[in-house]
Amino acid sequence: MHFIGIIAQNKTTVQEIVNYFLGREKYSILFICQSMDEYKVLPVQNRKKVDIVFVDTGENYFELVQQLKFLKSVNFHYHIVLLSTPALPRAGTIGFIDKNHMRHTLESCFSEELQARFAENKNFYPGEPEKAAPFLTNRETEIAELVLKGLTNKKIGETLFISTCTVNAHLRKIFSKLSVKSRTELAYKMINL
């Protein structure tokens, strides 16, 4: 049995997800929250029991990154599915559920073949030790978070009162520590730390 959690404000979106999983033996919806604040007050056992969490991306990408980091801190093994639209791509995500074609996308994502793969991964996780996050200095963390907000190196320098060359040097160190080659990869890594 896989337990589902939903964090979304749009009632139509929530209803489509609920309708899709209703009657499927392998899935059970454990909670539906309209916001992260509502999610945070759920009993701990409910938050930790969930396997798959559907999260509506909303409009504020920086806030989303913070939400995803919090979700990963609650349960490292969550499978997080972002709800978005093709017109609003999200840097740092490896995929999303298209809200305009919810049912079709859900059927594609939760096909029998993918369910089998998911079950294999699920059995693999308990034996896998949690990886320690690479250590970033306070300044590197500040710079990485400003990159996630979409600031250019020049704007980051102005914000932190440092030169653009210093920002570049910090970014090289951040990229090296996190083994990334682009800002998009950096965003993905920051979400998964």
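Remarks
- For first residues located in region 151-168 and closer than 17 Å to THR141 by Cβ, partners that are of a type in the set (Asp, Glu) and open to solvent by 40 Å² or more (accessible area, probe 1.4 Å) and lie 6+ apart or on another chain with Cβ distances below 7 Å form the pairs LEU160/GLU142.
- In region 177-187, residue farthest from LEU148 (Cα to Cα) [restricted to those that are surrounded by 15 or more Cβ atoms within 10 Å (Cβ to Cβ) and among the basic types (Lys, Arg)]: LYS177
- Verdict on ILE52 being within 17 Å of GLU107 (Cα to Cα) and open to solvent by less than 30 Å² (accessible area, probe 1.4 Å): yes
- Positions within region 142-176 being modelled with pLDDT under 85 and surrounded by fewer than 17 Cβ atoms within 10 Å (Cβ to Cβ), in sequence order: GLU145, LYS149, GLY150
The values are calculated or read from the model by the stated rules, or taken from the named source; none is laboratory data. Keep in mind it's a predicted model, so treat the numbers as computed, not measured. Cβ: placed from backbone, ideal geometry, glycine included. Neighbour counts: every protein chain shown. In case anyone asks, the SASA skips ligands and DNA or RNA and just uses the protein heavy atoms, side chains included. Shrake-Rupley method; radii C 1.70, N 1.55, O 1.52, S 1.80 Å.
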